[in-house]
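Taking it in order: structure first as C-alpha cells, then the write-up.
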Amino acid sequence: MTRIPKIKQLQTTAAGTITINWDLVEQIIGFQLHDNLKNFYSRILGSKNKYGTISGQIKFNPVGFVKRYVNREDWLVNANNTSYAELSLDLLTETDVAYVVDYLQEAFKGAWTGGNDFGNRAYIGDILINMGQITLVFNNDTGKFEWVDFGYGYFEVYEENPYGIVADHTQEFLDKFMLVKKC
C-alpha cells in the first residue's frame with residue numbers, strides 16, 4: 001500500500017530534505033526559481049497519484065487565511081459562509097531532473113492558465129469553498145503565495161481578479177492549513 005503524505009508531514013519536514021538538482025533544473029527552464037518555491041517542493045514527495053496531491057478537509061477562516069488583499073477588500077469574507085474547505089496541494093513525486101523540469105513547466109505555463117499570461121506564477125493547488133474553487137499560486141518574482149478566484153471573471157487579466165496574498169514565505173503558507181479530515 002502506498003503511503004499518502006499528510007499536510008502535517010509537509011508542515012514539519014525541513015526544506016532540503018528531498019535533494020533536487022535545482023541548478024540544473026533552473027538552467028534547463030531558463031530562469032531562477034525563488035527559494036520559497038524550492039523550499040515548498042524539497043520537503044516531501046507526494047504519492048504516486050497523478051500529481052502527488054495532498055488533499056483533505058481543512059478548517060477555513062478567510063480572515064486568517066488572507067494575509068493581505070490586493071484587489072476587492074474582504075472578498076473571501078463576504079463570499080464565504082462555511083468554516084471548512086477542501087484542500088488540494090500538488091507535490092513532486094520524484095526528483096529526476098527531467099521530471100521536475102516538466103512538472104514546473106506545467107505549473108508555470110500549463111493548462112490551468114487557459115493560454116493566458118500570469119507572469120511568473122505557478123499553480124500549486126486549490127481550495128474549494130461553498131462559493132467555488134479558489135486557486136493557489138506561487139509568485140516566483142515576489143516569493144509570495146497568492147490566491148485567485150477565476151470563477152469571478154477577468155481570467156485573462158490576472159490583476160483584475162479578486163485576489164490576495166496568503167503568505168510571504170513557505171512555512172507561513174503551510175501553517176495556514178489545519179487538516180480535519182484526509183480525503
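Could you count how many residues in the range 19-43 are open to solvent by 40 Å² or more (accessible area, probe 1.4 Å) and over 16 Å from GLU94 (Cα atoms)?
Number satisfying all stated conditions: 8.
Please specify each residue of the range 76-107 satisfying the condition of being of a type outside the set (S, T, N, Q), open to solvent by less than 60 Å² (accessible area, probe 1.4 Å), touching a residue at least 60 places away in the same chain (Cβ under 8 Å) and within 19 Å of THR53 (Cα to Cα).
LEU87, LEU89, LEU91, LEU92, VAL100, VAL101, LEU104
Which one of these does GLU73 not meet: (1) surrounded by 15 or more Cβ atoms within 10 Å (Cβ to Cβ); (2) free of Cβ contacts under 8 Å to residues at least 24 places away in the same chain?
Unmet condition: (1).
I'm trying to understand the selection: among the residues of the range 107-134, which are touching a Phe, Trp or Tyr at 6+ places or on another chain (Cβ under 6 Å) and β-branched (Val, Ile, Thr)?
ILE124, ILE134
Which of the helices (runs of 4 or more DSSP H) contained wholly in the range 75-183 include at least 1 residues that are modelled with pLDDT of 90 or more?
On the way: elements: 75-79, 97-109, 170-174.
It comes to 97-109, 170-174.
In this structure, is VAL66 among the hydrophobic types (A, V, I, L, M, F, W, C), closer than 22 Å to ILE20 by Cα, open to solvent by less than 70 Å² (accessible area, probe 1.4 Å) and modelled with pLDDT of 90 or more?
Details: among the hydrophobic types (A, V, I, L, M, F, W, C): yes; closer than 22 Å to ILE20 by Cα: no; open to solvent by less than 70 Å² (accessible area, probe 1.4 Å): yes; modelled with pLDDT of 90 or more: yes.
The answer is no for VAL66.
For (1) of a type outside the set (S, T, N, Q); (2) modelled with pLDDT of 95 or more; (3) under 16 Å from the mean Cα position of the chain (by Cα), each residue gets a yes or a no:
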site	(1), (2), (3)
ARG3	yes, no, no
GLN11	no, no, yes
THR17	no, yes, no
ASN21	no, yes, no
ILE29	yes, yes, no
HIS34	yes, yes, yes
LYS38	yes, yes, yes
TYR51	yes, no, yes
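The values are calculated or read from the model by the stated rules, or taken from the named source; none is laboratory data. None of the values given here were measured: they were computed from a predicted structure. Glycine also receives a Cβ, built like all others from the backbone with ideal geometry; neighbour counts cover every protein chain displayed. Please note that ligands, DNA and RNA were not included when accessible areas were found on the heavy atoms of the full protein model with its side chains. Shrake-Rupley method; radii C 1.70, N 1.55, O 1.52, S 1.80 Å.
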